[in-house]
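Only one structure is covered here, and it is reproduced in the block below.
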Amino acid sequence: MSEEQTKKGFNWRKWVIYFCILAGIYSAFLGPSILKPISPVVVLPAEPTGLSIGGFEITNTMLATLLADLILLTIAVFVVGKFMRSGSLVPGGFYNAFEALVEFLWNTVEGAAGKWAFRIFPVPATIFLLIFVANLVKLVPGFESIGRIKEVHHGYGYAPVLLTKVGNLSIYTIDKAQKREHVAKEGEHGEGHVDQEKLCEACEIVPFLRGSATDLNFPFALAFIAVLMTQVYGVWALGIGYFEKFIPIRQLIKGGAMGAINFIVGILELILEFAKILSFGFRLFGNIFAGTLLLSIVGALTAVLVPVGLYFFEVFFGIIQAYVFYLLATIFISGATVSHHAEEAH
Amino acid sequence: MNDPEAFVSGLKLLGAGLAMISAIGAGFGVGLAAFGGVQAMGRNPDAAPIIQTNMILGMAFAEAIAIYALAVALIIIFAA
Amino acid sequence: MEKLGINLGFFLFQVFNFTILALLMYALAYKPIVRMLENRKNKIAQGLEDARVAAEARANAEKEAKAILQEAQNNAAQKVREATERAEIAAREIITQAEAQASKIREEARMEAAQERDRILLELRSQIASLAIAAAQKLIGEALDEKRQHALLEEFFSGVKSGKVVVLEGVELSGASAEVISALPLLPHEQEAVKRDILSKMGEQATVSFRVDPSIMGGLIVKVGDKILDGSVVGQLESLKQSLL
């Protein structure tokens with residue numbers, strides 16, 4: 001009976017998959033004729049979504065970060081919490097997958113940090129999970145494509161086209177064929193002149209959600225935390241003596257030429273610590289931003305088939321970047337808990 | 001020469017492109033690290049986790065060069 | 001910086017967001033999961049240890065069982081061997097007894113047969129004497145008087161002449177036992193005479209046995225120890241033959 005049911009379910013699923021493939025092919029060939037693919041505007045700063053809390057405006061990358069937070073907390077509360085409340089020892093289902101991921105992270109941290117592992121673990125693990133979820137959720141269709149339509153401030157825009165109307169909400173797209181130059185109007189910067197009735201002439205789309213890592217604030221914040229926590233754990237483990245790594249005064253006093261060289265090396269290490277923030281941040285940002293750019297440009301050139309391969313590529317890169325960020329943070333933090341002198345001793 | 005702004009922005013793009021030449025070195029570095037790492041893992045599969053960690057560390061340092069170049073290029077285009 | 005999108009407010013928002021998330025995840029996910037992992041690892045180690053102990057116990061039990069079985073087999077084999085041996089001994093004993101009995105029976109039968117023959121020979125003796133006399137009469141053509149003839153025959157058969165054993169005359173004998181062989185069974189009074197004669201020579205303590213052997217034809221042979229006094233007809237004929245040749 002159950003076998004028959006699964007068979008039936010399988011058949012049903014198979015037909016859904018066939019339908020999806022057919023619909024995909026249909027829209028892939030007919031879609032570009034209706035909706036012209038648009039090469040995107042390259043913007044570095046996150047765009048405001050129009051929402052604000054107490055005068056603090058919320059950007060679209062913030063919204064995406066909050067969405068990633070929400071997903072992680074949902075997993076933590078509803079999946080992990082439910083399993084923990086069940087009191088079972090045998091994991092199953094989605095919890096098992098999540099636990100396998102956490103176990104993998106835990107094993108790496110434990111291998112690198114030893115007895116400090118449990119104290120260190122929350123920082124790199126949260127870094128990994130947040131980047132992981134943010135990078136993957138960024139690839140969901142609708143991200144970076146659905147947003148408000150507005151007048152460009154400078155450069156070129158496109159003419160708006162009415163797509164469909166749901167209630168009193170009009171849904172527009174922009175027509176690539178009708179390229180329009182921005183005309184500086186009088187009173188553009190004025191208040192209350194924002195035309196509600198009359199639509200923009202040269203338009204661009206400001207997405208509601210944009211990949212967190214495509215905003216420099218997100219990777220730099222994580223990099224800053226990673227480097228800051230390296231110092232915090234270093235001081236926690238070694239006391240104030242940790243800072244001798246950067247300013248080796250004792251060595252300068254003790255040994256002549258070698259001491260001086262070590263002093264300079266220590267200063268270099270201090271500089272390197274700030275360089276770490278830069279390299280951490282730009283690595284993640286560069287990879288993800290380049291990926292987004294690549295996807296949208298290739299999508300604008302050929303809407304069929306090629307973006308699929310690039311999507312796989314992007315999924316892979318999203319995971320790899322999360323892993324690299326996590327691994328480097330783990331290595332730096334666990335390295336800080338080990339005494340510099342102890343290494344020299346043997 | 002009749003539009004100095006366009007000339008300057010063109011030079012900016014050129015400079016950004018030139019800055020990214022350093023990616024060659026970073027690419028070599030990352031490739032060398034992967035080469036050495038994979039070879040070492042092939043010789044000694046038991047030590048694979050340690051080698052992998054160090055390989056990724058080395059790759060990260062090599063990659064940092066390209067990242068600095070990217071930062072410079074971005075600053076040239078957007079901020080300079 | 002503004003053009004790169006770096007904004008202190010946004011940056012601090014991200015830092016704050018991360019801190020909150022890390023704390024919440026630590027409380028809600030990492031701590032329980034890591035504890036669960038440790039817990040499970042301990043449980044598995046415990047289970048493996050238990051399994052190992054159980055396996056050891058089972059191995060011990062198996063070894064003991066094997067030893068017990070071995071002992072039982074050994075015992076059984078021992079019992080079988082003993083039983084076989086006992087049976088063999090019994091069988092041998094029975095066979096020996098049977099053989100002994102058989103040989104006894106055979107001996108008895110032989111003795112009986114010898115006695116029977118002796119008896120028959122004794123019965124025949126007078127007839128043989130008469131036959132011999134008749135033959136002699138025919139041969140020599142004259143008849144000796146009856147009494148003389150009988151005495152002669154008696155003497156021939158018994159080797160006893162007027163109460164004395166012929167062979168023993170003028171012979172010194174010494175020994176513990178003597179055997180007297182005659183061609184025909186001796187009559188009681190002859191036996192008596194022979195016995196007396198022998199005993200007078202050897203002393204009262206000696207024993208005398210009698211045997212019948214028709215092949216010596218007549219007379220007596222007396223064996224004392226390794227000394228043989230041959231008074232038989234065959235012996236006399238033999239010595240005659242020796243002297244003639």
Open item on the list: Looking at (1) without any contact (Cβ under 8 Å) to a residue 40 or more places away in the chain; (2) surrounded by 14 or more Cβ atoms within 10 Å (Cβ to Cβ); (3) over 15 Å from the mean Cα position of the chain (by Cα); (4) within 20 Å of B:Ala66 (Cα to Cα), which one does A:Val232 not meet, given that it meets all the others?
Closed with: (4)
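Kindly indicate whether B:Met20 is closer than 19 Å to A:Leu278 by Cβ and under 18 Å from the mean Cα position of the chain (by Cα).
Details: closer than 19 Å to A:Leu278 by Cβ: yes; under 18 Å from the mean Cα position of the chain (by Cα): yes.
Yes, satisfied.
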- [ ] Hey, can you tell me all the residues within region A:298-320 that are farther than 14 Å from A:Ser145 by Cβ, among the aliphatic types (A, V, I, L, M) and in a helix (DSSP H, G or I)?
- [x] A:Val298, A:Leu301, A:Val306, A:Val308, A:Leu310, A:Val315, A:Ile319, A:Ile320
Task: Count of residues meeting criterion [within 12 Å of another protein chain (Cβ to nearest Cβ), in a helix (DSSP H, G or I) and more than 18 Å from A:Ala275 (Cα to Cα)] in region B:30-80 - done: 11
TODO: Identify all residues within region C:174-209 that are of a type outside the set (A, V, I, L, M, F, W, C) and assigned to a strand (DSSP E or B); write none if there are none.
DONE: C:Ser177, C:Glu179, C:Ser182, C:Thr207, C:Ser209
TODO: Could you check, for region A:29-49, whether at least one of its residues is of a type outside the set (A, V, I, L, M), loosely packed, with under 13 Cβ neighbours inside 10 Å and modelled with pLDDT of 75 or more?
DONE: no
Open item on the list: For A:Gly286, only one of the following conditions fails: (1) in contact (Cβ under 8 Å) with a residue 24 or more places away in the chain; (2) crowded, with 18+ Cβ neighbours inside 10 Å. What is its number?
Closed with: (1)
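Would you say B:Leu74 is more than 19 Å from A:Phe220 (Cβ to Cβ) and not β-branched (Val, Ile, Thr)? Write out each step before concluding.
Details: more than 19 Å from A:Phe220 (Cβ to Cβ): no; not β-branched (Val, Ile, Thr): yes.
No; evaluated as a whole, the condition is false for this residue.
Would it be correct to say that C:Gln14 is touching a Phe, Trp or Tyr at 6+ places or on another chain (Cβ under 6 Å) and within 14 Å of chain A (Cβ to nearest Cβ)?
Values: touching a Phe, Trp or Tyr at 6+ places or on another chain (Cβ under 6 Å): yes; within 14 Å of chain A (Cβ to nearest Cβ): yes.
Judged against the criteria, C:Gln14 is a match.
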TODO: Among the candidates A:Trp116, A:Trp106, single out the residue that is assigned to a helix (DSSP H, G or I), surrounded by fewer than 20 Cβ atoms within 10 Å (Cβ to Cβ) and touching a Phe, Trp or Tyr at 6+ places or on another chain (Cβ under 9 Å).
DONE: A:Trp116
TODO: Name every residue in region A:69-87 that is facing chain C (nearest Cβ under 10 Å) and in contact (Cβ under 8 Å) with a residue 24 or more places away in the chain, in order of residue number.
DONE: A:Asp69, A:Leu72
Task: Inter-residue pairs, beta-carbon under 9 Å, first within 14 Å of chain C (Cβ to nearest Cβ) and in region A:127-147, second crowded, with 20+ Cβ neighbours inside 10 Å and not in a helix (DSSP H, G or I), 6+ apart - done: A:Ala134/A:Gly211
Open item on the list: Only one of A:Leu101, A:Leu129, A:Leu44, A:Leu89 is of a type outside the set (Phe, Trp, Tyr) and either touching a Phe, Trp or Tyr at 6+ places or on another chain (Cβ under 6 Å) or farther than 29 Å from C:Ile44 by Cα (or both). Can you tell me which?
Closed with: A:Leu44
TODO: Could you please find all residues in region C:204-214 being in contact (Cβ under 8 Å) with a residue 24 or more places away in the chain and either over 16 Å from C:Gly231 (Cα atoms) or of a type outside the set (Val, Ile, Thr) (or both)?
DONE: C:Gln205, C:Ala206, C:Thr207, C:Val208, C:Ser209, C:Phe210, C:Arg211, C:Asp213, C:Pro214
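The values are calculated or read from the model by the stated rules, or taken from the named source; none is laboratory data. Just so it is clear, the model here is predicted, and its values are computed rather than measured. Note that we place each Cβ from the backbone using ideal geometry, even for glycine, and neighbour counts take in every protein chain shown.
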